[in-house]
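Enquirer: One structure follows; several queries about it will come next.
Nothing in this text is a laboratory measurement; each read-out follows from the coordinates by a stated rule. Here the structure is a predicted model, which is why all the values come from computation and not from measurement. Note: ideal-geometry Cβ built from the backbone for every residue, glycine included; neighbour counts use all protein chains shown.
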Amino acid sequence: MKAMVFAVCDREESYAERLAQHLKKKQGIPFEILVFTQMEALWKYESENQIDLLLIHSEMAEKTRIERFSGCVVLLSEGEIRSEFLEYPALYKYQSCDRTFEEMIQIYSEYKNKKGEVEKRGHTLKKNAELIAVYSPVRRCGKTNFALTLGQILAESRPTLYLNLEPVSAFLWEKENNYQADLSDLIYLFRQEHQNFLYHLGSMTRKLRKLDYILPGMGWELGKVQTQEWVQLIEEVFAYSSYEAVVLDVDESVGDLPELLNVCETIYMPVLEEKTAQEKVMQYEKMIVKSKKESLMQKTEKISIPYVEQSDPEGLLFGKMGQFVRGILKNER
């Protein structure tokens, strides 16, 4: 799919470059980001190329040019907007880059819906796309620490996305002091605006070193999402974004867990040596056999994770957990 052009135009070059560089780190967005600090250069480029989304400082905007512009225009404001531009959407300049992009995507999505545009996208599923699940019937076994470390290591060599499907997850919540879009919002938008899903995906991703992730959803509603919806969402991610690997951190809250695990190439199952934990694993395997999903056991790798006190995701990467995960991946190659 050809990338669309998102142009940022502001006389303050440091601001425009900072925003552009931040967005270019987002691996899932379908935009080519361009920066302009001079009006002449912007309109010269626009006369020869298509610009789909333009974020331009309100003081640089020219009424006649904006009226002739064929794409979506959003004004960047430091306060008031001139009266002739009140009909155009505007964003406050001095806010976070993530917040700016989230609002931009919302505006662009509404713009496309009003125009009645539905993208005709060819299915371009990458041959090397890999869906990996981390699941265990055992609790307090280091599952999420392992999944986050695995995701960070995979992201060193290929674009990777981490999704935590648990309805109650402590992952990074203590670092998020204000509301940000999460996985619950993404599944809602996937249902409501299927054709604009990829734009929303890109606006919601956060960074953990090179790994992209979306904040986990909070609430039991996440457990009500149908397994087929998760599968369809993941297929969209692989087909129309640059991601080559997706790491799923899952538990029994997924509606049809065996069905979701069945579409994964690899399943890592952290286990413990204690008797109760072993009995849970045995019970899980009996359930798999009873449901005639024995193929899951062939793609499942049981692992005994080393105990670590470090819970910071970045710190895990450079400690015993990182060494453990690299060892597993090295032995599989």
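Enquirer: Please report the antiparallel percentage of the DSSP beta bridges confined to the chain, to the nearest 5.
Expert: Values: 3 of 40 bridges.
Taking every DSSP beta bridge within the chain, about 10 percent pair in antiparallel fashion.
Enquirer: Go through L86, L296, A239 and say which Cα lies farthest out towards the positive end of the charge dipole of the chain; charges sit on Cβ, +1 for Lys and Arg, -1 for Asp and Glu.
Expert: Projecting each Cα onto the dipole axis, the largest value belongs to L296.
Enquirer: Identify which of V289, V35, V250 has the largest mean-square fluctuation in a Gaussian network model of the chain, with springs joining Cα atoms closer than 10 Å.
Expert: In this elastic network of the chain, the residue with the biggest mean-square fluctuation among V289, V35, V250 is V289.
Enquirer: Here's something else I'd like to know. Quick one: helix 143-155 against the long Cα principal axis of the chain, what's the angle to the nearest 10°, folded into 0 to 90?
Expert: So the inclination is approximately 50 degrees.
Enquirer: ³J(HN,Hα) across the range 3-18 via Karplus (A = 6.51, B = -1.76, C = 1.60, θ = phi - 60°), whole Hz, x for Gly/Pro?
Expert: Calculated HN-Hα couplings, in order: 5, 7, 9, 10, 9, 10, 10, 7, 5, 7, 4, 4, 5, 4, 5, 5 Hz.
Enquirer: Hey, in the GNM for the chain with a 10 angstrom Cα cutoff, which one of E273, E236, E17 fluctuates hardest?
Expert: Result for the chain, Cα springs under 10 Å: E273 fluctuates most.
Enquirer: Candidates [x] 24.1; [y] 21.8; [z] 20.6; which is the computed Kirkwood radius over Cα pairs in Å?
Expert: Only one option fits the structure, namely [y].
Enquirer: Give me the distance between the Cα centres of the range 53-95 and the range 260-333, rounded to whole Å.
Expert: For the range 53-95 versus the range 260-333, the Cα centre distance is 51 Å.
Enquirer: To the nearest 10 degrees, how steep is helix 320-332 against the longest Cα principal axis of the chain, on a 0 to 90 scale?
Expert: For helix 320-332, the angle is close to 80 degrees.
Enquirer: Further, regarding this structure: Tell me, what is the percent relative contact order of the chain, built from C-alpha pairs under 8 Å that lie six or more residues apart?
Expert: Working: 526 pairs, mean separation 67.5, N = 333.
Across the chain, relative contact order equals 20 percent.
Enquirer: Long-range amide H contacts for C9: which residues qualify at under 5 Å (H placed 1.01 Å from N, peptide plane, sequence gap of 5 or more or a different chain)?
Expert: F36, L55, I56, H57
Enquirer: Okay, next question. Where is the GNM fluctuation largest for the chain (alpha-carbon springs, 10 angstrom cutoff): D312, D249, D98?
Expert: Of D312, D249, D98, the Gaussian network model singles out D312 as fluctuating most.
Enquirer: I want to check the label-to-label distance for Y188 and T266. Put each point 7 Å from Cα in the C-beta direction and report it in nm to one decimal.
Expert: 3.5
Enquirer: Projecting each Cα onto the charge dipole of the chain (Lys/Arg +1, Asp/Glu -1 at the beta carbon, about the Cα centre), which of Q180, Q21, G315 comes out farthest on the positive side?
Expert: Sorting the options by dipole projection puts first G315.
Enquirer: Same structure, new question: How much length is gained if the chain between N128 and R140 is pulled fully straight, taking 0.36 nm per residue apart and subtracting their Cα-Cα distance, in nm to one decimal? Can you show the working numbers first?
Expert: Numbers: separation 12, 0.36 × 12 = 4.32 nm, distance 3.23 nm.
Value of the extension gain: 1.1 nm.
Enquirer: A further question follows. Between D312 and Q95, what is the label-point separation in nm under the 7 Å Cα-to-beta-carbon projection?
Expert: Between Q95 and D312, the simple spin-label model gives 3.0 nm.
Enquirer: Suppose every Lys and Arg Cβ carries +1 and every Asp and Glu Cβ carries -1, with no other charges. What dipole size does the chain come out with about its Cα centre, to the nearest 20 debye?
Expert: Details: 43 positive and 52 negative charges, 218 e Å.
Dipole about the Cα centre, nearest 20: 1040 debye.
Enquirer: Relative to the first principal axis of the alpha-carbon coordinates of the chain, what is the inclination of helix 39-48, with its axis defined by its Cα atoms, in degrees from 0 to 90 and to the nearest 10?
Expert: 70
Enquirer: Length gain on complete extension for the stretch K292 to A20, per 0.36 nm per residue less the alpha carbon to alpha carbon distance?
Expert: Details: separation 272, 0.36 × 272 = 97.92 nm, distance 5.04 nm.
My answer for the length gained is 92.9 nm.
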